[in-house]
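Everything below concerns the one structure shown next.
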Amino acid sequence: MKERFLAYIQYEKRYSPHTVTAYRNDLEQFFTYLHHQYEVNGVQDITDQMIRSWLVKLMEEQISPRTINRKLTTLKSFYKFLIRDGVVSLNPMHKITSPKTSRRLPVFIDKEKMDDLLDRTAFDEGYPGVRDKLIIELFYSTGMRLSELVNLKESDIDFHQDTIKVLGKRNKERLIPFSKKMESLLKFYIEEKDRAFGSTDALFLTDKGRNVYPKMVYLLVKRYLSEVTTLDKKSPHVLRHTFATQMLNNGAELNAVKDLLGHANLSATQVYTHNTIEKLKRIYKQAHPKA
């Protein structure tokens, strides 16, 4: 049943490979625990007490509530699948309460630091430097995900409409507009790429002309962000957070930011309003005589 479920979320629900791997690992950990602790192999024999026992074990191992809740999400999806297929008639997850988590505000980089990075940082010479700067600019200007940037093609860029097409989670396409400045950067970069490696549809290439890959781009972003910030997290996702926070701080409508980010639900975008509120609090305390 586990493999059928994983095939279902991969091919019918179109979950990302990363999510499918996480679900697989969660289920393997769960069933390994049940087999050793209760000698249970069949899903029909699993009870809510057994699931709670597993949760207690995870807590004793000091697994964070956030990670535990993700594992519970895996089990909830798995049991919905089992109920739908008639494999089980009762859902033990209905009796399981998720541990409370503290809401963590997304970290972001101040505009002044981003200006320093893009305007004053010395990028490498030649094609690698032009590529690296464009990657930082695209993350910062569009809020796209790492996986979306890595898979970009030249044919995804519409210079007539000044939009770029990205393939998001669950293979959902969306269009992101870009500025005239970005248009110039993209055209200049493509000329440099063609001069170095000839015409290719893949937008970003390594120094040797192969397609870029997630770890390379992650390390590249971390390297440059380290020059302007001491934040613990220095990743492409921090630039996504920065894009969303600055859009809202400058008056963008929440639904518009949701569409630009490719969020399925507004609740995923609303977390960025907390950063806006924190900024207002700081301004209030600095400016109001009674604060």
Fill in the blank from the handout: Residues of the range 15-67 being touching a residue at least 24 places away in the same chain (Cβ under 8 Å), more than 28 Å from the chain's Cα centre (by Cα) and outside any helix (DSSP H, G or I), in sequence order, are I46, T47
Handout entry: Condition met for Y272 (farther than 19 Å from K165 by Cα, assigned to a helix (DSSP H, G or I), assigned by TED's automatic domain parsing to the domain that holds F178 and modelled with pLDDT under 85)
Key = yes
Practice task
State whether the residues of the range 97-120 include one that is small (G, A, S), at pLDDT below 90 and out of contact with any Phe, Trp or Tyr (no Cβ under 7 Å at 6 or more places or on another chain).
Solution key: yes
Practice task
Quick one: G168 ticks every box in (1) in contact with a strand residue (DSSP E or B) (Cβ under 8 Å, 6 or more places away or on another chain); (2) farther than 16 Å from L134 by Cα; (3) at pLDDT 95 or above except a single one, so which number is it?
Solution key: (3)
Practice task
Confirm whether S199 is in the same structural domain as H263 (by TED's automatic domain parsing), of a type in the set (S, T, Y) and farther than 28 Å from K111 by Cα.
Solution key: yes
Problem - Residues located in the range 93-139, provided they are of a type outside the set (A, V, I, L, M), surrounded by 20 or more Cβ atoms within 10 Å (Cβ to Cβ) and assigned to a helix (DSSP H, G or I) - result: R131, E137, F139
Practice task
Answer yes if at least one residue in the range 181-194 is loosely packed, with under 13 Cβ neighbours inside 10 Å and either under 25 Å from the mean Cα position of the chain (by Cα) or at positive phi (or both), and no otherwise.
Solution key: no
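Return yes or no: is S77 part of a helix (DSSP H, G or I) and hydroxyl-bearing (S, T, Y)? Write out each step before concluding.
Numbers: part of a helix (DSSP H, G or I): yes; hydroxyl-bearing (S, T, Y): yes.
So S77 fits the description; yes.
The values are calculated or read from the model by the stated rules, or taken from the named source; none is laboratory data. Predicted model only: the values in this text are computed from it and were never measured. Glycine gets a Cβ as well: all are built from the backbone with ideal geometry, and neighbour counts include every protein chain shown.
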